[in-house]
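**Q** Following this message is one structure expressed as structure tokens.
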């Protein structure tokens, strides 16, 4: 369970009291400050409410706060991004029960509408939604400062008993609230010090950070914000087709482009009997492992045996790899255009292998007319592996099942092919186009859905 801890903060300010309180610890000075600003507490608490927060039997209501990232920089089209983000969150949480999802002040509020909902799983699912940079589990309470203090103790008291240092940070989005952020920090810190005598304030490296947000309609108490997926909501930047090979690079490429707002499907080239059923299942598993990031999609499996054998038998050995890549892109182009997709995605990294040199990539791009997006082009293998571990695809990617890119590979492929010699080689293969069209028309569709664990 993600810990309901807080981020950032202001510790007690004791600069005015150094002379007369030299023998008093900083923590006890904070307690003195607590009494000095009692008038602010009175102003921040609604009149006529003599009973304490607990006595009023106001239940703690835990919610999820999801903070927007670069979406806040959008102009007139920002509403489109926010609407898409809210729609994705509702869809991701729908299997768990009823949640209210709404946005205000660059934050998405996710409130459970039923008792007993799995907030741990909800938090995990939302953390994988692109468009959110940070998350926190919080408790909503009235903008009554007594309620804020009691909520902080009730919600985070157990965590405070397990640490030695803490700090408080306040964010006052409602500028009409009578207490300023530093005052909220000082008084809440003093209140908690009075409750937990073992604690001390550490504003630089605290073990626990407590955050109070004073918003327009309520106050929110939470612990540290957790890093989320970032990026832009899936579907806000268009739709594309990802070439999913089964290696380490292509799932990372899919994740990178989905993070930039692309909705995508996958295409895989299988060459039975040279590639096995288990290799196809491996690719299916990779698509499932990133579906929480990309959203539901379709995996198109191309029967590529005939085109690949034809190239092997009729093309110069040293050009086989580039010719095969061009053939795959032409087939992918046909599938993409049927689906009205706008681009192709590959996991190629510059100079990683012979088919990924500048000359080879230039020849490959000329095979079809859709943009080819290569998010891994400037990454080295270590960077790509680190991302694959982060998104949970590495262990599946290294399973020892061959894909069609590793069969018939020449021992010494040409690293600097020219377009003229590639076109000449293709001119000597007049039947290749028909075989490619046949392969594109006979693709197998595998639907990838979140939570679907059925085998093929």
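Okay, residues lined up against (1) modelled with pLDDT under 90; (2) in contact with a helix residue (DSSP H, G or I) (Cβ under 8 Å, 6 or more places away or on another chain); (3) not assigned by TED's automatic domain parsing to the domain that holds residue 216:
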residue: 41; (1), (2), (3): yes, yes, no
residue: 51; (1), (2), (3): yes, no, no
residue: 66; (1), (2), (3): no, yes, no
residue: 69; (1), (2), (3): yes, no, no
residue: 78; (1), (2), (3): no, yes, no
residue: 81; (1), (2), (3): no, yes, no
residue: 92; (1), (2), (3): no, yes, no
residue: 111; (1), (2), (3): no, no, no
residue: 117; (1), (2), (3): no, yes, no
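**Q** While we're here: Could you list, in sequence order, the residues of the range 138-149 that are surrounded by 23 or more Cβ atoms within 10 Å (Cβ to Cβ) and out of contact with any strand residue (DSSP E or B) (no Cβ under 6 Å at 6 or more places or on another chain)?
**A** Of all residues in the range 138-149, those surrounded by 23 or more Cβ atoms within 10 Å (Cβ to Cβ) come to 138, 141, 145, 147-149.
Selection gives 145, 149.
**Q** What are the residues in the range 173-182 that are touching a helix residue (DSSP H, G or I) at 6+ places or on another chain (Cβ under 6 Å) and either surrounded by fewer than 19 Cβ atoms within 10 Å (Cβ to Cβ) or not assigned by TED's automatic domain parsing to the domain that holds residue 225 (or both), if any? Explain how you work it out, then say what you get.
**A** Let us first name the residues in the range 173-182 that are touching a helix residue (DSSP H, G or I) at 6+ places or on another chain (Cβ under 6 Å), namely 178-179.
Within the range 173-182, just 178 meets the criteria.
**Q** Can you pull out every residue in the range 186-203 that is crowded, with 23+ Cβ neighbours inside 10 Å, more than 16 Å from residue 155 (Cα to Cα) and touching a strand residue (DSSP E or B) at 6+ places or on another chain (Cβ under 8 Å)?
**A** Selection gives 186, 201.
**Q** Does residue 323 qualify as being in contact with a helix residue (DSSP H, G or I) (Cβ under 7 Å, 6 or more places away or on another chain) and more than 22 Å from residue 248 (Cα to Cα)?
**A** On the way: in contact with a helix residue (DSSP H, G or I) (Cβ under 7 Å, 6 or more places away or on another chain): yes; more than 22 Å from residue 248 (Cα to Cα): yes.
Yes: the conditions hold for residue 323.
Table: residues versus (1) over 26 Å from residue 391 (Cα atoms); (2) in the same structural domain as residue 402 (by TED's automatic domain parsing); (3) free of Cβ contacts under 8 Å to residues at least 12 places away in the same chain; (4) surrounded by 19 or more Cβ atoms within 10 Å (Cβ to Cβ).
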| residue | (1), (2), (3), (4) |
| --- | --- |
| 264 | no, yes, no, yes |
| 272 | yes, yes, no, no |
| 280 | no, yes, no, yes |
| 298 | no, yes, no, no |
| 306 | yes, yes, no, no |
| 313 | yes, yes, yes, no |
| 324 | yes, yes, no, yes |
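**Q** If I go through the range 79-104 residue by residue, how many of them are touching a residue at least 60 places away in the same chain (Cβ under 8 Å), surrounded by 13 or more Cβ atoms within 10 Å (Cβ to Cβ) and more than 20 Å from residue 235 (Cα to Cα)?
**A** Count: 0.
**Q** Another one. For the range 162-173, indicate whether the set of residues that are more than 32 Å from the chain's Cα centre (by Cα), assigned to a loop (DSSP other than H, G, I, E, B) and farther than 19 Å from residue 139 by Cα is non-empty. Lay out the reasoning, then the answer.
**A** Going through the range 162-173, the residues more than 32 Å from the chain's Cα centre (by Cα) turn out to be 164.
Narrowing further to those that are assigned to a loop (DSSP other than H, G, I, E, B): 164.
Keeping just the survivors that are farther than 19 Å from residue 139 by Cα gives 164.
The answer is yes, given that some residue of the range 162-173 is more than 32 Å from the chain's Cα centre (by Cα), assigned to a loop (DSSP other than H, G, I, E, B) and farther than 19 Å from residue 139 by Cα.
**Q** Let me ask another. Any residue at all in the range 380-395 that's under 30 Å from residue 438 (Cα atoms), part of a loop (DSSP other than H, G, I, E, B), touching a helix residue (DSSP H, G or I) at 6+ places or on another chain (Cβ under 7 Å) and touching a residue at least 40 places away in the same chain (Cβ under 8 Å)? Quick ask: steps written out before the conclusion?
**A** Filtering the range 380-395 for residues under 30 Å from residue 438 (Cα atoms) gives none.
No, there is no match, as no residue in the range 380-395 is under 30 Å from residue 438 (Cα atoms), part of a loop (DSSP other than H, G, I, E, B), touching a helix residue (DSSP H, G or I) at 6+ places or on another chain (Cβ under 7 Å) and touching a residue at least 40 places away in the same chain (Cβ under 8 Å).
**Q** Touching a strand residue (DSSP E or B) at 6+ places or on another chain (Cβ under 6 Å), surrounded by fewer than 20 Cβ atoms within 10 Å (Cβ to Cβ), within 18 Å of residue 334 (Cα to Cα) and modelled with pLDDT of 95 or more - does that describe any residue in the range 357-370?
**A** First, pick out the residues of the range 357-370 that are touching a strand residue (DSSP E or B) at 6+ places or on another chain (Cβ under 6 Å): 365, 370.
Among the residues that remain, those that are also surrounded by fewer than 20 Cβ atoms within 10 Å (Cβ to Cβ) are: 365, 370.
Now drop any that are not within 18 Å of residue 334 (Cα to Cα), which leaves 365, 370.
If we keep only those that are modelled with pLDDT of 95 or more too, we end up with 370.
Yes.
**Q** Kindly evaluate residue 320 against the criterion of being touching a residue at least 60 places away in the same chain (Cβ under 8 Å), touching a strand residue (DSSP E or B) at 6+ places or on another chain (Cβ under 9 Å) and either farther than 30 Å from residue 449 by Cβ or in the same structural domain as residue 423 (by TED's automatic domain parsing) (or both). Before the answer, list the steps.
**A** Working: touching a residue at least 60 places away in the same chain (Cβ under 8 Å): yes; touching a strand residue (DSSP E or B) at 6+ places or on another chain (Cβ under 9 Å): no; either farther than 30 Å from residue 449 by Cβ or in the same structural domain as residue 423 (by TED's automatic domain parsing) (or both): yes.
When the stated conditions are applied, residue 320 does not pass them.
**Q** Another question, if that's okay. Hey, can you tell me all the residues within the range 405-456 that are touching a helix residue (DSSP H, G or I) at 6+ places or on another chain (Cβ under 6 Å) and at pLDDT below 90?
**A** 408, 410, 413, 414, 415, 450
**Q** Evaluate the following for residue 286: is it within 29 Å of residue 379 (Cα to Cα), touching a strand residue (DSSP E or B) at 6+ places or on another chain (Cβ under 7 Å), surrounded by 23 or more Cβ atoms within 10 Å (Cβ to Cβ) and in contact (Cβ under 8 Å) with a residue 60 or more places away in the chain? Talk me through it step by step, then tell me what you get.
**A** Numbers: within 29 Å of residue 379 (Cα to Cα): yes; touching a strand residue (DSSP E or B) at 6+ places or on another chain (Cβ under 7 Å): no; surrounded by 23 or more Cβ atoms within 10 Å (Cβ to Cβ): yes; in contact (Cβ under 8 Å) with a residue 60 or more places away in the chain: yes.
No, not satisfied.
The values are calculated or read from the model by the stated rules, or taken from the named source; none is laboratory data. The structure displayed is predicted, hence computed values, not measured ones. Every residue, glycine among them, receives a Cβ derived from its backbone with ideal geometry; neighbour counts consider all protein chains shown.
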